[in-house]
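A.B. asks: Quick one: the structure is below, and I'll ask about it shortly.
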Amino acid sequence: MEATKVAILGASGYTGMELVRLLLGHPAAQITAATSRSNAGRRIEEVFPRFSQLPGSQLPFIEPDMEAVVASGATVAFLALPHGAAAQYATELLEKGLRVIDLSADFRLREAATYEDFYGETHPAPDLLTTAVYGLPEVHGEAIAAARLVASPGCYPTSILLPLIPLLREGLIDPATIVANSLSGVSGAGRKADPALLFVECNESMRAYGLPRHRHLSEIEQELSTAAGKSVTITFVPHLIPVNNGICTTTTAMLEGDLASVEHALRSTYENSSFVRLLGTGACPDTKNVTHTNFIDIGWQHDERTGRLLLLSAEDNLGKGAAGQAVQSFNIMTGLPDMTGLGTV
């Protein structure tokens with residue numbers, strides 16, 4: 001199997017580290033460039049000793065120099081960078097003929113005004129918004145296959161969108177009643193020095209944050225509105241929990257169909273999906289079963305007392321919520337089975 005040469009920009013953060021792990025072991029990918037301002041000149045195996053002696057781990061990190069990235073022979077670039085920073089590099093790499101999978105929020109929204117509203121900044125490359133494909137493989141697989149620029153979804157949105165989209169398409173729930181509560185591991189905040197993320201601040205504690213409008217709400221409502229065929233506004237409450245990684249989401253809405261129709265919509269949508277595992281009625285997904293994988297587990301139940309449908313999901317915020325999903329899109333873009341390099345548990 002011929003390897004596609006790939007670059008990882010921002011390769012020393014938590015998501016970047018997970019991309020390195022997955023792509024070092026990928027049978028059809030070769031990392032030829034990995035950028036990190038803070039670690040430039042040091043080998044991957046020096047920064048991440050867990051990868052020591054793996055083929056490719058001797059590659060040194062470089063500064064984010066796009067000429068050097070191109071010179072490495074990479075034809076696909078993964079951008080594991082903060083929002084605002086990714087767009088500049090994406091523009092240059094696209095102009096140089098590379099395909100780009102962006103894991104930041106820079107190209108997830110179709111409207112520059114929405115980006116400015118939620119992120120508080122003018123969009124740095126608005127002309128690219130109409131060409132970017134929202135990288136949810138189970139929903140936009142065909143478009144991803146042909147895309148030059150894939151905007152990989154956020155971790156929270158993935159856990160909320162996959163259970164809801166089939167039901168909104170079929171009109172089985174009332175969109176106006178959707179409430180999503182998510183709990184995420186601390187790695188979701190990124191690898192940065194922040195007193196609020198110190199061990200003694202997070203351990204033995206839980207808290208909500210990002211209220212009332214977490215930034216991910218913008219892409220969640222965008223994709224739900226597309227599925228419903230009308231504007232959808234929801235309540236979303238994210239929480240930080242004292243685990244390294246994993247997301248557990250409980251979404252509720254008033255049921256407008258019946259439970260059998262809910263199960264049929266979910267199973268018919270995801271019957272051929274490699275990574276969506278439907279656990280069935282009454283099942284409560286557990287993060288321990290999805291961490292360090294690209295799976296998302298989904299269960300559901302009807303609360304007859306309130307008339308609300310309960311949708312439950314669990315995923316790894318660094319896996320299906322970030323790096324794993326990006327590699328899944330890479331597989332689709334390069335004509336590979338989407339489980340390539342992702343099938344271990």
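The values are calculated or read from the model by the stated rules, or taken from the named source; none is laboratory data. Keep in mind that this is a model prediction, so the values were computed, not measured. A quick note on method: Cβ atoms are made from the backbone with ideal geometry, for glycine too, and the neighbour counts reach across all protein chains shown.
A.B. asks: Can you say whether T306 is farther than 23 Å from L167 by Cα and assigned to a loop (DSSP other than H, G, I, E, B), as far as the supplied structure shows? Steps first, please.
C.D. replies: Numbers: farther than 23 Å from L167 by Cα: no; assigned to a loop (DSSP other than H, G, I, E, B): yes.
For T306, the condition - farther than 23 Å from L167 by Cα and assigned to a loop (DSSP other than H, G, I, E, B) - is not met.
A.B. asks: Do we find that R108 is of a type in the set (K, R), buried (at least 19 other Cβ atoms within 10 Å of the Cβ) and touching a helix residue (DSSP H, G or I) at 6+ places or on another chain (Cβ under 7 Å) in this structure? If you could, list the steps in order and put the result at the bottom.
C.D. replies: Numbers: of a type in the set (K, R): yes; buried (at least 19 other Cβ atoms within 10 Å of the Cβ): yes; touching a helix residue (DSSP H, G or I) at 6+ places or on another chain (Cβ under 7 Å): yes.
In short, yes.
A.B. asks: Pull up region 122-177, narrow it to residues that are among the acidic types (D, E) and out of contact with any Leu (no Cβ under 7 Å at 6 or more places or on another chain), then point me to the one that is farthest from E95 (Cα to Cα). Spell out the reasoning first.
C.D. replies: Of region 122-177, the ones among the acidic types (D, E) are 127, 138, 142, 170, 174.
Retained after the next criterion (residues that are out of contact with any Leu (no Cβ under 7 Å at 6 or more places or on another chain)): 127, 142, 170, 174.
Numbers: D127: 13, E142: 23, E170: 40, D174: 44 Å.
Residue satisfying both the conditions and the ranking: D174.
A.B. asks: Let me ask something else. Please work out if S273 is surrounded by fewer than 19 Cβ atoms within 10 Å (Cβ to Cβ) and in a loop (DSSP other than H, G, I, E, B).
C.D. replies: Details: surrounded by fewer than 19 Cβ atoms within 10 Å (Cβ to Cβ): yes; in a loop (DSSP other than H, G, I, E, B): yes.
Yes: the conditions hold for S273.
A.B. asks: Starting from region 229-244, keep only residues that are under 30 Å from E201 (Cβ atoms), then list their pairs with residues that are basic (K, R) whose Cβ atoms are within a distance under 9 Å, requiring at least 6 positions of separation or different chains.
C.D. replies: Partner pairs satisfying both residue conditions: F236/R213; H239/R207; L240/R207; I241/R207.
A.B. asks: Okay, moving on. Could you run through region 197-238 and say how many residues are surrounded by 15 or more Cβ atoms within 10 Å (Cβ to Cβ) and not in a helix (DSSP H, G or I)?
C.D. replies: So the answer is 9.
A.B. asks: Taking the options A68, A74, name whichever one is in a helix (DSSP H, G or I) and under 16 Å from G10 (Cα atoms). Steps first, answer last, please.
C.D. replies: Numbers: A74 fails: in a helix (DSSP H, G or I).
When all the criteria are applied, what remains is A68.
A.B. asks: Checking M1 against (1) modelled with pLDDT under 95; (2) in a helix (DSSP H, G or I): exactly one of these is not met. Which one?
C.D. replies: (2)
A.B. asks: Quick check on P285: is it in a loop (DSSP other than H, G, I, E, B) and under 20 Å from the mean Cα position of the chain (by Cα)? Give the derivation first.
C.D. replies: Values: in a loop (DSSP other than H, G, I, E, B): yes; under 20 Å from the mean Cα position of the chain (by Cα): yes.
Taking the combined requirement at face value, the residue satisfies it.
A.B. asks: If you don't mind, another one. Output the residue which, of all residues in region 239-270 that are touching a strand residue (DSSP E or B) at 6+ places or on another chain (Cβ under 7 Å), over 29 Å from R213 (Cβ atoms) and surrounded by 15 or more Cβ atoms within 10 Å (Cβ to Cβ), is modelled with the lowest pLDDT.
C.D. replies: By that ranking, first place goes to L259.
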